[in-house]
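A short worksheet on the structure shown next.
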Amino acid sequence: MKDGQGDGLTLDRPRDRLSWSVALRMFGPAYLVAVGYMDPGNWATDLAAGSRYGYGLLWVVAASSLMAMVLQSLCCRLGIATGLDLAQASRRLLPDAWRIPLWLLAEVAIVACDLAELVGSAIALQLLFGLPLPWGVALTAGDTLLLLALQHFGLRRLEALIIALVAMVGACFAWELALLKPNWMQVAAGFVPQPSVLRDGQQLYIAAGILGATVMPHNLYLHSALVNTRRWPEHPPSKPLLLRLANLDSVMALSFAFLVNAAILILASGAFHGVVAEPVEDLRQAHTLLSPLLGTTLAGTVFAVALLAAGQSSTVTATMAGQVVMEGFLNLRLPDWQRRLITRALALIPAMATVMLLGDEATAHLLVLSQVLLSLQLPFAVIPLVQFCSRSGLMGALRAPIWLQGISWLCAAMIVIVNTSLLTSVVGSIRPWEWIPITAIHG
């Protein structure tokens, strides 16, 4: 990520102790990554979980977030130890025959992610301004070009903008929870793992969706590149200290993302579970019901504002990840605006086709399917990452210790098992004809 490195923050020779003055200068990259863990795809799964099962799947959100922290720490370790991002390392260290398939899978995942963000932003515009969904989809086709222009003024300014959008999302949900006044004892009980999830196919399906929406493949490529935008002079104590700072940045950012995801599930549970007749799984339905249930017309508006902020911030980082993937696997770099238009054009086709042919109601199905595509690609990014970080010749002193290798391989195995189950369940249950409105069938 050459632009990122050029705009990166050069730090003076650090002392061997971690100080807050140095840490604050290091913070930023993980927040660009964290927005991917609170995009509209996460909203859809958290909304479904809270509305259907109350607080019962909060522990899945927590477990998925912990898994994401482990994998993002490996990204920091790889980038700092080798100076390579995950895409570059895959191109150089894996067999040549794997390069193009892995690149294509990564591109599919980025387009799927952008699809969820495109649909989520369009829904937010519809909720806020009454804009028809096809117009919202078309409008969001070029929206992030304006945000990406900030990158020319320095990566730190772009990071500041993303952090501001993330803070806005957090503030919106903090206000919603203050209105809701949930039973915090019941909330705490939701963090206790429930074996019943493994026996209930529907709960397992939603739990797998939470995992697929939380641990996102493009974030692994992006974080391993962004961590090297902070550079210190080469000397032995630099890399271990830099890794400690990067991990601290990552834990703080992903902890905030966890709180946002937990807040969405808590809000959905407290407002809808056992209150409305049917589970609320559509973002527009949630927007409509929040105002009367929470007693203020602002509740729905704040929900829509947070959705728009989440969609816009996530789509910027997806574009940056696309550049990292293309440059890393193919050694090919396009101008940001060209890369943005390619990614969004590929996402625009299924989004516009769904809205025009199947109607607004089909967008909920589209969001779920986009997360399935993400889950399909995830093992192809996670397994090479864990393998690279386990190599002593490659990583040197920063090779992952045995205990971390064990946890990482366990995470990879769980992702493969759960996402395979998710994919099998979804493929077996897809009935596209059920998405078509009855009026369309009868003309």
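Against the conditions (1) farther than 23 Å from ASP39 by Cβ; (2) open to solvent by 20 Å² or more (accessible area, probe 1.4 Å), LEU94 satisfies every one except (2). Cβ-Cβ contacts under 8 Å between residues 6 or more apart (or on different chains), taken from a first residue in segment 114-129 that is surrounded by 24 or more Cβ atoms within 10 Å (Cβ to Cβ) to a second residue that is hydroxyl-bearing (Ser, Thr, Tyr) and not in a helix (DSSP H, G or I), are listed as LEU118/THR140; SER121/THR140; ALA122/THR140. For segment 207-228, residues that are assigned to a helix (DSSP H, G or I), of a type outside the set (S, T, N, Q) and under 24 Å from ARG52 (Cα atoms) total 7. Within segment 32-56, residues that are among the hydrophobic types (A, V, I, L, M, F, W, C) have Cβ atoms under 6 Å from residues that are modelled with pLDDT of 80 or more and not in a helix (DSSP H, G or I) in these pairs: ALA49/LEU57, counting only partners at least 6 apart in sequence or on another chain. Against the numbered list (1) more than 22 Å from the chain's Cα centre (by Cα); (2) buried (at least 23 other Cβ atoms within 10 Å of the Cβ); (3) modelled with pLDDT under 85, GLY270 comes up short only at (3). Only one of these is under 22 Å from LEU245 (Cα atoms), without any contact (Cβ under 8 Å) to a residue 24 or more places away in the chain and not aromatic (Phe, Trp, Tyr): LEU84, LEU66, LEU71. Name it. Residue meeting the stated conditions: LEU66. Residues considered: VAL260, VAL169. Of these, the only one that is open to solvent by less than 20 Å² (accessible area, probe 1.4 Å), at pLDDT below 85 and of a type in the set (A, V, I, L, M, F, W, C) is VAL169. For segment 231-240: of the residues being out of contact with any Phe, Trp or Tyr (no Cβ under 8 Å at 6 or more places or on another chain) and in a helix (DSSP H, G or I), which is modelled with the lowest pLDDT? Among residues in segment 231-240 that are out of contact with any Phe, Trp or Tyr (no Cβ under 8 Å at 6 or more places or on another chain) and in a helix (DSSP H, G or I), the one modelled with the lowest pLDDT is LYS239. Taking every residue in segment 305-321 that is among the hydroxyl-bearing types (Ser, Thr, Tyr) and pairing it with any residue that is not in a helix (DSSP H, G or I), at least 6 positions away or on another chain, the pairs with Cβ-Cβ distances below 7 Å are SER314/ASP39.
Suppose the filter is within 17 Å of the chain's Cα centre (by Cα) and either buried (at least 21 other Cβ atoms within 10 Å of the Cβ) or polar (S, T, N, Q) (or both); does ALA63 pass it? No: the conditions fail for ALA63.
Helices (runs of 4 or more DSSP H) fully within segment 279-374 that include at least 1 residues being modelled with pLDDT of 70 or more, in contact with a Ser or Thr (Cβ under 9 Å, 6 or more places away or on another chain) and among the hydrophobic types (A, V, I, L, M, F, W, C): 283-294, 298-330. With respect to the conditions (1) under 24 Å from ALA116 (Cβ atoms); (2) surrounded by fewer than 24 Cβ atoms within 10 Å (Cβ to Cβ); (3) not hydroxyl-bearing (Ser, Thr, Tyr), ALA81 lacks only one, and its number is (1).
The values are calculated or read from the model by the stated rules, or taken from the named source; none is laboratory data. Note that this is a predicted model, so its numbers are computed, not measured. A quick note on method: Cβ atoms are made from the backbone with ideal geometry, for glycine too, and the neighbour counts reach across all protein chains shown. All accessible areas refer to the heavy atoms of the entire protein, side chains included, with ligands and DNA or RNA removed. Shrake-Rupley method; radii C 1.70, N 1.55, O 1.52, S 1.80 Å.
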